[in-house]
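Below: one structure, written as structure tokens.
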Amino acid sequence: MASALPPYASAGQRAWFYSFRVICGLIFFFLIFPVLIIIPLSFNAEDFFTFTPKMLALDPEGYSLKHYRDFFTNPDWQSAMWNSFSIAPVATLFATAFGTLAAIGLSQSNMPFRSAVMALLISPMIVPLIISAAGMYFFYSRIGLQGTYMGVVLAHAALGTPFVIITVTATLVGFDQSLVRAAANLGADPVTTFFKVQMPLILPGVVSGALFAFITSFDEVVVVLFLGSAAQKTLPWQMFTGLREQISPTILAVATLLVAISIALLTTLELLRRRSERLRGMTPG
Amino acid sequence: MTDTAETSPVLTTRDGVPLKVSIARATRRQKLRAFLLVTPLLLFILITFTAPIADMLYRSVENDIVSETLPETVVALEVWDEGSGEIPNEDVFAALARDLKIAAEEKTHTRLGSRLNYENPGMSSLFRKTGRRVKRMDEGNYTEQFIDIDEDWGTPKTWQVIKQFSSPVTAGYFLAAVDAERTPEDGLGFKESDERIYLFLFWRTMLLSVTITVMCILLGYPIAFLLSNLPMRTSNLLMILVLLPFWTSLLVRTSAWKVLLQQQGVINDTLVWVGLVADDSRLQLINNQTGTVIAMTHILLPFMILPLFSVMKTISPTYMRAAKSMGASDWYAFWRVYFPQTVPGIGAGSILVFILSIGYYITPELVGGTSGIFISNRIAYHISSSLNWGLAAALGVILLTVVLVLYWLYDRIVGIDNVKLG
């Protein structure tokens with residue numbers, strides 16, 4: 001019905017077949033249009049949020065890089081970018097290190113209280129961000145972490161760990177435990193076994209978990225809005241303020257750069273997924 | 001064979017330890033090792049995440065401010081009957097004078113005043129005014145002196161409020177969060193219907209979340225159906241169109257909608273150009289509920305498509321063919337054979353979208369205006385603007401409970417282990 005029209009299809013079936021495709025096309029358009037439209041708009045030579053007649057006429061004068069220039073020279077945006085890039089990698093490191101260890105523990109057949117522990121460790125992903133942010137704001141101000149770099153890093157690391165656990169656990173499902181026993185049998189101690197046998201095999205899962213953790217921290221705005229002080233103003237925070245107060249077209253340039261980052265991440269993840277499946281002897285699909 | 005069993009009734013390992021003991025020991029060691037691997041993260045999450053949530057639960061009922069600031073008054077008030085309609089006796093006023101002198105020196109009376117102001121407007125200025133003049137009070141006859149400062153001290157209502165909130169734990173924030181209040185007859189009642197802001201806000205959050213979920217089902221179902229029935233190469237290619245928005249920063253998508261939906265934005269411009277809308281009556285698409293629903297449907301749609309797709313992928317096309325070969329029409333075969341098998345996917349996607357939707361903050365804040373905001377926006381307001389943290393915590397606890405119940409349902413229907421990413 002969906003893949004191809006049989007030669008004996010009636011007129012009604014034909015009509016439905018094509019109108020279904022048109023409907024799906026419209027929905028795909030709805031999905032992708034808002035993401036793509038900001039790219040040409042960000043090259044606008046005027047401070048407008050819509051296409052100018054010059055742009056529609058494809059006149060080169062209608063386009064310019066001035067919003068990008070503003071992004072790379074404006075101190076507000078530059079410090080925001082710097083903050084984002086100094087918070088996200090550290091949070092990712094915490095989340096990946098703790099998350100990978102925990103995932104290995106959780107995948108062992110005789111892990112006690114597995115489902116309860118799993119539920120607790122996944123909870124930062126389930127609890128609405130506004131509630132996490134509120135709780136962290138109350139608690140971190142008690143212990144003096146509110147408004148500090150470390151406070152934001154710890155909070156982002158906590159939010160990122162569930163993604164690491166999920167991706168690493170998924171790679172470990174196909175992991176052959178007899179490899180570990182074989183290594184031990186040949187005289188390797190557990191640490192060597194881990195780094196020489198287990199790690200290379202689960203590495204794609206660990207890296208994609210780390211990417212998820214990175215993007216969680218990099219995109220996160222609610223928690224940092226409450227926990228951070230002006231010195232931790234990140235890129236999403238700056239965008240949020242920009243959108244709420246005086247919306248400037250520089251935001252479109254930033255958004256375009258972020259879309260480029262997402263495309264790069266998506267491609268990396270897809271390549272990692274294929275590699276992981278090949279390592280585990282599955283056919284990529 | 002019976003011989004061996006008699007001579008060695010217990011199997012042992014080579015070093016003479018019974019096998020059972022040896023296995024138990026090894027298993028215990030393995031269990032311990034598995035647990036030790038999880039421990040660092042467990043501790044990390046307990047400190048950085050679980051403790052804050054517990055702190056929020058505590059804050060939603062915590063109320064030691066009255067008993068801490070006015071310790072002697074609270075003790076003296078115990079014998080006063082708040083139903084009597086009379087003000088307390090001189091002892092209580094004397095205790096209040098002593099307490100307030102200390103409080104005014106430590107400047108804690110204003111904090112108490114603003115706390116009690118949530119319960120009874122006017123308390124804040126009452127305490128500020130009294131705190132300024134309590135230092136110059138003479139010995140004796142405190143009742144008169146206090147009433148002289150402000151006649152509110154002569155009304156039983158003031159004292160009822162102080163006594164009501166003198167216990168260290170209060171349900172007051174939760175009552176306020178569901179628009180209820182204590183009535184003077186010691187009962188519970190809802191506020192006047194025009195003052196019920198929170199129930200209304202909870203209701204609107206639910207209603208808009210349901211609308212968004214339904215929109216996601218309507219838009220997501222055809223896409224998931226198409227993707228699961230196309231050849232793998234084409235469907236992988238089209239999947240990018242679903243995954244790219246999914247991976248794009250939330251703020252990028254929100255700013256895109258903010259730009260598109262403006263009155264001078266691309267959508268209105270196009271509609272005017274096509275001639276569907278007159279230039280002077282451009283559509284109001286943003287800063288209202290329409291804006292919230294459109295932007296959030298777009299943001300949450302991938303969360304509906306992905307679970308639906310993974311369910312539809314497992315449905316064999318032979319069922320539909322079998323139904324049709326036995327004379328079912330296209331529609332009948334779909335509705336009676338295919339659709340029932342996709343219901344688990346719809347359930348999983350709907351709960352996921354709904355859970356995510358009721359806790360959303362950023363998008364409603366930016367495109368919702370005043371009519372399209374959610375309960376989360378009110379929580380944020382109480383944390384950063386009105387500083388009524390107790391009420392924010394109580395609202396948060398209610399929202400959290402709703403989410404956890406839904407999450408439990410999700411776990412029952414889908415299982416948390418089946419969560420997949422991308």
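The values are calculated or read from the model by the stated rules, or taken from the named source; none is laboratory data. From a predicted model like this one, the values you see are computed outputs, not experimental measurements. Cβ sites come from the backbone with ideal geometry, for glycine too, and all protein chains shown count toward neighbours.
Observations on the structure shown:
- Residues that are out of contact with any strand residue (DSSP E or B) (no Cβ under 7 Å at 6 or more places or on another chain) and under 30 Å from B:ILE315 (Cα atoms) number at least 2 in the following helices (runs of 4 or more DSSP H) confined to region B:215-297: B:232-247.
- Meets criteria (away from every other protein chain (no Cβ under 11 Å), more than 36 Å from the chain's Cα centre (by Cα), outside any strand (DSSP E or B) and not β-branched (Val, Ile, Thr)) for A:TYR8: yes
- Residue count, region A:48-65 (criterion: within 12 Å of chain B (Cβ to nearest Cβ) and either surrounded by fewer than 17 Cβ atoms within 10 Å (Cβ to Cβ) or assigned to a loop (DSSP other than H, G, I, E, B) (or both)): 7
- Only one of the numbered conditions (1) over 39 Å from the mean Cα position of the chain (by Cα); (2) touching a residue at least 24 places away in the same chain (Cβ under 8 Å) is violated by B:ASP91, and that is (2).
- Odd one out for B:SER385, checked against (1) free of Cβ contacts under 8 Å to residues at least 60 places away in the same chain; (2) within 29 Å of B:GLY349 (Cα to Cα); (3) more than 10 Å from chain A (Cβ to nearest Cβ): (2)
Residue-wise test of (1) at pLDDT below 85; (2) surrounded by fewer than 20 Cβ atoms within 10 Å (Cβ to Cβ).
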| position | (1), (2) |
| --- | --- |
| B:GLU82 | yes, yes |
| B:ALA94 | no, yes |
| B:ARG98 | no, yes |
| B:VAL134 | yes, no |
| B:VAL169 | yes, yes |
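- Any chance B:ILE286 is closer than 22 Å to A:ALA255 by Cα, surrounded by 18 or more Cβ atoms within 10 Å (Cβ to Cβ) and free of Cβ contacts under 8 Å to residues at least 40 places away in the same chain: no
- Breaking point among (1) in contact with a Gly (Cβ under 9 Å, 6 or more places away or on another chain); (2) small (Gly, Ala, Ser); (3) in a helix (DSSP H, G or I), for A:GLY147: (3)
- Some residue of region A:134-143 being out of contact with any strand residue (DSSP E or B) (no Cβ under 7 Å at 6 or more places or on another chain), polar (S, T, N, Q) and modelled with pLDDT under 90: no
To keep it simple, each residue is scored yes or no on (1) under 23 Å from the mean Cα position of the chain (by Cα); (2) over 27 Å from B:ARG253 (Cβ atoms); (3) without any contact (Cβ under 8 Å) to a residue 24 or more places away in the chain.
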residue	(1), (2), (3)
A:ALA183	no, yes, yes
A:VAL206	yes, yes, no
A:PHE212	yes, no, no
A:ALA230	no, no, yes
A:THR234	yes, no, no
A:LEU266	yes, no, yes
A:SER276	yes, yes, no
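- Count - residues of region B:298-324 that are outside any helix (DSSP H, G or I) and touching a residue at least 60 places away in the same chain (Cβ under 8 Å): 2
- When region B:104-145 is filtered for residues that are more than 20 Å from B:SER67 (Cβ to Cβ) and aromatic (Phe, Trp, Tyr), only B:TYR142 remains.
- Helices (runs of 4 or more DSSP H) fully within region B:349-414 that include at least 3 residues being modelled with pLDDT under 90 and surrounded by fewer than 24 Cβ atoms within 10 Å (Cβ to Cβ): B:389-413.
- Scoring A:GLY144 on the criteria (1) in contact (Cβ under 8 Å) with a residue 24 or more places away in the chain; (2) at positive phi; (3) not hydroxyl-bearing (Ser, Thr, Tyr) leaves a single failure, condition (1).
- When the residues of region A:172-186 are filtered to those that are exposed (fewer than 14 other Cβ atoms within 10 Å of the Cβ) and assigned to a loop (DSSP other than H, G, I, E, B), the one that is modelled with the lowest pLDDT is A:ASP176.
- The residues in region B:115-140 that are at positive phi and touching an Asp or Glu at 6+ places or on another chain (Cβ under 8 Å) can be counted, and the count is 1.
- Test: residue in region B:199-215 that is at the interface with another protein chain (Cβ under 10 Å from one of its Cβ atoms) and within 20 Å of B:ALA295 (Cα to Cα): no
- Pairs where the first residue, in region A:152-165, is more than 7 Å from chain B (Cβ to nearest Cβ) and the second is among the acidic types (Asp, Glu), C-beta under 8 Å, 6+ apart: A:HIS156/A:GLU220; A:LEU159/A:GLU220
- Residue count, region B:315-334 (criterion: away from chain A (no Cβ under 13 Å) and not hydroxyl-bearing (Ser, Thr, Tyr)): 3
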